[in-house]
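Reviewing the structure listed below.
The values are calculated or read from the model by the stated rules, or taken from the named source; none is laboratory data. As the structure is a computational prediction, the values presented were derived from the model and not from experiment. Here the Cβ positions follow ideal geometry from the backbone for every residue, glycine too, while neighbour counts run over all protein chains shown. In case anyone asks, the SASA skips ligands and DNA or RNA and just uses the protein heavy atoms, side chains included. Shrake-Rupley method; radii C 1.70, N 1.55, O 1.52, S 1.80 Å.
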Amino acid sequence: MTKESTTIDVGEPSTVTKSSSHVVVDAKKKKGFVAAAAGGGYKRGLAIFDFLLRLAAIGITIAASSLMFTAEETLPFFTQFLQFQAGYDDDPTFQFFVIATAIVAGYLLLSLPFSIVTIVRPQAVAPRLILLISDTVVVTLNTAAAAAAAAIVYLAHNGNANTNWLPICQQFGDFCQAVSTAVVAASIAVSFFILLIVISAISLKRH
């Protein structure tokens, strides 16, 4: 009696398993790269918008400081002992406004390199965090200067009957126009800072 032997070829299961695992790993890597590229894309867009906002805020704060610094008017009539003149240096609040807005403009200028870094490396956390903290501190100074000057401008336009503070804008119209424009410009700068803070907060959010 002859015994017949049967040979069964099982193939190479290890090779098939390895090939499947490589496909799964490659798919996960590609998915991660796509997600990172998408996240970097919108963050780079926000960084470009951040840079443009800073340029606009620099122009506005310089204009506000310059307008207040050059605000001066002398009435065409005077007496032997009195000359009616109004200038920013007549009020400490206006002096504070000029100094504060100049500091804000200087800070914005110094922050431009950090903003450029966030454009080149949109996923970088450190420069964006530095901008977020610094913007939050500086917007406080800008808001304080704008609010304090706005209170004085209001009194210059309307006066205060309870304290016998007479309005002066009827006489010093050009001066009041200049300081009012400066306060409006500083207030616009505050709104720009709020947008910058929101942009930094969104950019720091992980997806």
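With the Cα gyration tensor of segment 136-184 giving a ≥ b ≥ c as the square roots of its eigenvalues, does the rule (a/c under 1.5 for rounded; else a/b larger than b/c for prolate; else oblate) give rounded, prolate or oblate?
Details: a/c = 5.16, a/b = 1.73, b/c = 2.97.
Oblate shape, in that a/c is at least 1.5 and b/c is the bigger or equal ratio.
Which value, in Å², gives the accessible area per residue of segment 41-155 when a 1.4 Å probe is used on the protein heavy atoms?
Details: 6070 Å² over 115 residues.
For segment 41-155, the per-residue accessible area is 53 Å².
Applying 1/(1 + (r/R0)^6) with r as the Cβ-Cβ distance of Ser191 and Gln85 and R0 = 35 angstrom yields a FRET efficiency of 0.55.
Using a Förster distance of 41 angstrom, determine the FRET efficiency expected from the C-beta separation of Ala126 and Thr70, and round it to 0.05. For R0 = 41 Å, the calculated efficiency reads 0.55.
Between Thr163 and Thr93, residue separation times 0.36 nm minus the direct Cα-Cα distance comes to 23.4 nm. Per residue, segment 157-206 exposes 58 Å² of solvent-accessible protein surface, assessed with a 1.4 angstrom probe and all protein chains in place. When the residues Leu141, Leu108, Leu166 are ordered by accessible surface, computed with a 1.4 Å probe over the protein chains alone, the sequence from largest down reads Leu166, Leu141, Leu108.
Stretching Ile48 away from Gln171 to a fully extended chain increases their span by 39.7 nm, per 0.36 nm per residue minus the current alpha-carbon distance.
Out of the total accessible area of segment 87-207 (probe 1.4 Å, heavy atoms of protein only), what percent is carbon and sulfur? If you can, show how the numbers build up before the last one.
Values: 4450 of 6410 Å².
Exposed carbon and sulfur together represent 69 percent of the surface.
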